[in-house]
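The values are calculated or read from the model by the stated rules, or taken from the named source; none is laboratory data. Treat the numbers as computed from the prediction; the structure is a model and nothing was measured. Cβ placement follows ideal geometry from the backbone for every residue including glycine, while neighbour counts extend to all protein chains displayed. These area figures cover heavy atoms from the full protein model, side chains too; ligands, DNA and RNA do not enter into them. Shrake-Rupley method; radii C 1.70, N 1.55, O 1.52, S 1.80 Å.
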Amino acid sequence: MKKNSNGTVPIIVDNNRWVATDGRLLEVEDLEVEFRTREGIARAINGVSFYLDQKETLAILGESGSGKSVTAQAIMGILDTPPGYVTGGSVKYCGVDLLTLPDKERQTVRGAQISMIFQDALSALNPVFPVGWQIAEMFRIHRGMNKVDALERTVSLMERVRIPAARERVDSYPHQFSGGMRQRIMIAMAIALVPAILIAVEPTTALDVTVQAQIMDLLKQLQEESGMGLILITHDLGVVATVADRIAVMYAGRLVELADVIELYSDPRHPYTMGLLESVPRLDTRRGETLPSIKGLPPNLLAMPAGCPFHPRCRFAIDQCATGSPPPLESLEGYKPERFAACWRVGDSELAHSGHPQSGEVN
């Protein structure tokens, strides 16, 4: 047993994995990340805070460039430095702030206890090594297994993620697999050491709906078996509606809304969340009808607008939105750690009656 960074919550080490006695796997508090470029400093993450419990699925939504993947990289400790730097906040795993750990100790957490499924399996896998060798490397490095035992574990794991004829294909190369099979291999690598937290970045991108469903069912099954917490980073609102417990919505490096999945779909409170939900095609859309969209483009992180970063695109913006950023989350009206929206007009009757018209149809 060991103490966390504050010396208060005991950390139990069980089967090479830390276990927090209070069930709270991850706490990200006021995280800040910036990229220092020749053109200037781009503040990619600005005061992001959220938590993740055992067996919970937290989905992080937002347009490209909103900071979803950078947040994941900061948690994993794989930011390219330079130009990326974590400049503030904390990332506590089982109460231990990973940002304060020496590199060598943090490497024992990365992959073994907090793992990640990357977005593009073909580019994430090494093209010059067989997939079996790449999976077995996890066991050789982190568990000290010999080649024979590591290979047997690899074949078992490939069968576990439903790769047909796993023993015959263990020596195949990434390009010899379909997109869905490569994604399963990435999942096999990510879960090889039974991590406490799995971060899945667009795990179903470019896959047909049948394969998408199979992969998400597999992740859910693994989650139930091991108690793993899952952070799902995606653009797919349909996938989120079926698998997430809570949703965090990001815009321009900020967390703008956080809610239970049912609450967010039935009662979105931030104009940006409303815009995302309204842009989803619906079964009752008439032929030839234009799909609603959010006007404009996300802001340039090198030249952020004054006030709320969403106000140039917001149909509900008022003068205050252009002059001052929404107050700290804790001072927002009705703020709760599990339910808030960072908007000056939260509770305004105009917004309250402008939610997604059929967002309540979430099972």
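In the chain, the calculated helix contribution to ellipticity at 222 nm averages -8500 deg cm²/dmol per residue, counting -39,500 (n - 2.57) for every DSSP H run with n ≥ 4.
The apolar share of the surface of the stretch 120-192, taken as the fraction of accessible area on carbon and sulfur atoms (1.4 Å probe, ligands and nucleic acids excluded), comes to 54 percent. Beta bridges assigned by DSSP with both partners in the chain are antiparallel in approximately 65 percent of cases.
About the centre of its Cα atoms, the stretch 120-192 shows a dipole size close to 140 debye [charges on the beta carbon of Lys, Arg (+1) and Asp, Glu (-1) only; nearest 20 debye].
Its Cα gyration tensor gives the stretch 120-192 an equivalent ellipsoid, and the semi-axes of that ellipsoid, as √(5λ) in whole Å with the largest first, are 18, 13, 11.
Other residues whose C-beta falls under 14 angstrom from the C-beta of Gly62 contribute a net charge of -1, scoring Lys and Arg +1 and Asp and Glu -1. If I fit a long axis through the Cα atoms of helix 147-160 and take the longest principal axis of the Cα atoms of the chain, what angle between them do I get, 0 to 90°, rounded to 10? Around 50 degrees separate the two axes.
The stretch 255-332 and the stretch 110-127 have Cα centres separated by 31 Å. Among residues other than Asn146 with Cβ under 15 Å from its Cβ, the summed charge is +1 (Lys and Arg +1, Asp and Glu -1). For Lys104 and His175, a Förster radius of 51 Å and the Cβ-Cβ distance give a FRET efficiency of 0.90, rounded to the nearest 0.05. All Cα-Cα distances of the chain, cut into 10 Å bins from zero to the largest, leave 5, 23, 31, 25, 13, 3, 0 percent in each bin in turn.
Angle of helix 131-143 to the longest C-alpha principal axis of the chain, folded into 0 to 90 degrees and rounded to 10: 90°. Packing here is the average count of other Cβ atoms within 10 Å per residue, and on that basis the peptides 258-267, 162-171, 195-204, highest first, run 195-204, 258-267, 162-171. What the Cβ-Cβ distance of Met304 and Gln221 gives, at R0 = 41 Å and to the nearest 0.05, is a FRET efficiency of 0.45. Across Gly296, Gly180, Gly275, mean-square fluctuation computed from a Gaussian network of the chain (C-alpha pairs under 10 Å connected) peaks at Gly296.
Assuming R0 = 41 Å, what is the FRET efficiency of Asp348 and Asp149, from their Cβ-Cβ distance, to the nearest 0.05?
Efficiency at R0 = 41 Å is approximately 0.10.
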